[in-house]
C-alpha cells in the first residue's frame, strides 16, 4: 500500500490542505491520504489555539464524502509531545511494515525536519513530498538530505517535490480573520466554517 500522511496542527484545516492532499494522491498514486492532527507539536512555541478534539473534528468534517482522505487520532490520543518519528512508526503498525508511507508537508517544513537530530531515521520510515509553489528553489532541501538513511538506502531518492497552485491561504490568517470579524467562509470547507461559527473558535473572549 502507498499511504500519504499529512501531519500538522490544522488550526484550522483549510482548502489549501485539501488541495495538497488531492494533488499528492494523484501524482504519487496513493491509495489514501491520512490527516494526523497533532496534540502537542514539539516545534511550536505556543500551544494550538483550538483544543485538539476540535481540530480533530474539523479535519473529519473536511474530508467527509471523500473516501480517499482519512483522519487519524493517533497523536491526539498519545500522551505528551507528538514526534513525527513516533507517528510514522505507529502508522507502520496500523498499515503493516510493508506499507509505503509518503509524508506530505510544505518545503519549508521538510527543510526544518531534515535539520533535526537523526533525520536519516525519519527517511528510513517514510518518503517525503515537499509541496511547493511553482518556481520555488529546492537547493536548500537537497543540501540538507543526508547521504544515506538508517537502513543504508540512498536518502536523496526518498524526497520528492510537488508543485501546487499558489493558494495564499494559511491557518494563521484564518484565525486572525475570525478574531477580527472578517470573512473566511470560502477559505475552509463549509462544514468547517459552520463548526468554527457554532463553537465560537478563535474568537477573543
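Here, each number is a calculation from the coordinates, and none is a lab measurement. Every value quoted in this text rests on a predicted model; they were computed, and no experiment measured them. Cβ placement follows ideal geometry from the backbone for every residue including glycine, while neighbour counts extend to all protein chains displayed.
General remarks:
- As a length-normalised measure over Cα pairs under 8 Å and 6 or more apart, the relative contact order of the chain settles at 24 percent.
- Between 0 and 90°, nearest 10: helix 52-63 axis offset from the chain longest Cα axis: 80
- Here the range 117-202 is described by how far its Cα atoms reach on the three principal axes: 51, 28, 20 Å, from widest to narrowest.
- Between helix 84-95 and the chain: long-axis angle, C-alpha atoms, 0 to 90°, nearest 10: 80
- Packing-based exposure ordering (other Cβ within 10 Å, fewest first) of 29, 163, 60: 29, 163, 60
- Among 103, 160, 184, residue whose mean-square fluctuation peaks in a GNM of the chain (springs only between Cα atoms under 10 Å): 184
- Each residue in 186, 202 was given a count of other beta-carbon atoms within 10 angstrom of its own, and listing them fewest first yields 186, 202.
- Legend: ranking of residues 127, 117, 77, 2 from fewest to most surrounding C-beta atoms inside 10 Å; resulting order 117, 77, 2, 127.
- Size estimate for the range 1-134 follows the Kirkwood approach: the inverse of mean 1/r over distinct Cα pairs works out to 15.0 Å.
- Principal-axis tilt of helix 190-199 within the chain, Cα atoms, nearest 10 degrees: 60
- Among 102, 35, 148, the residue with the largest mean-square fluctuation in a Gaussian network model of the chain, with springs joining Cα atoms closer than 10 Å, is 148.
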